[in-house]
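The values are calculated or read from the model by the stated rules, or taken from the named source; none is laboratory data. These numbers were taken from a predicted model, which means no experiment stands behind them. Cβ placement follows ideal geometry from the backbone for every residue including glycine, while neighbour counts extend to all protein chains displayed. Just the protein is used for accessible areas: all its heavy atoms, side chains included, with ligands, DNA and RNA removed. Shrake-Rupley method; radii C 1.70, N 1.55, O 1.52, S 1.80 Å.
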Amino acid sequence: MSSESEGVRQAARLMAVAARTAPKTRGIDDIVIEIVEDEDTLDKIAERMEEIAEEKGVDSFKRDAECLRRSECLVLIGVKSSGPCGLNCGMCGASCDDIEERSADVEFAGPICGFKLIDLGIALGSAAKVANDLVVDNRLMYTIGVAARSLGVVDADVVIGIPLSATGKNIYFDRDG
């Protein structure tokens, strides 16, 4: 394994630490973190992304699958809700009593308490900041989360994938050539 590869994998572990220690509403930690380094699993996720692209007619899944295949590893960060926060604020579009009726047969399970989604956003931002501080190329990708969740790679209601790479060109933003 190259020095760059080892560095990217260490960055993934530090990103997981940052996501875990990020602030959470009422101190309740419903964040789920998985690091995927296995090429076979990365390829399975990419294959599922291509299937979803065909099923939905959404080309971004296929484009992002190619990025995932070129990645060194993947950090999956999600939230598995333990229930509403009990504030009855309506942020989710329902009351805390109504939020218990959830659907899991779409890309993400929901509705979900808005504060849980804020917690997820803070965890994602903390993880991405660590990658950026370590100068490891990364990008938050909803498409990867959808595929990983559908395959059961991570047990969460909402998942975002953060693929990681260290090459001479950022493969997640410089996609045209």
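Quick notes
- The peptide list 69-78, 16-25, put in order of mean Cβ contacts within 10 Å with the highest first, becomes 69-78, 16-25.
- Applying the criteria of a DSSP loop state and at most 16 other Cβ atoms within 10 Å to the trypsin sites (Lys or Arg not before Pro) of the range 118-177 yields 169, 175.
- Here the contact order of the chain, divided by its residue count and restricted to Cα pairs under 8 Å and six or more residues apart, works out to 30 percent.
- Surface accessible to a 1.4 Å probe, per residue, for the residues of the chain, Å²: 50 Å²
- Listed values for the range 106-118 are Karplus-derived 3J(HN,Hα) couplings in whole Hz (6.51 cos²θ - 1.76 cosθ + 1.60, θ = phi - 60°), namely 10, 4, 10, 7, x, x, 10, 3, x, 5, 5, 5, 5, and x replaces Gly and Pro.
- In summary, the lysines within cross-link reach of residue 62, defined as a Cα separation below 30 angstrom excluding same-chain residues under 8 places away, comprise 44, 80, 116, 129, 169.
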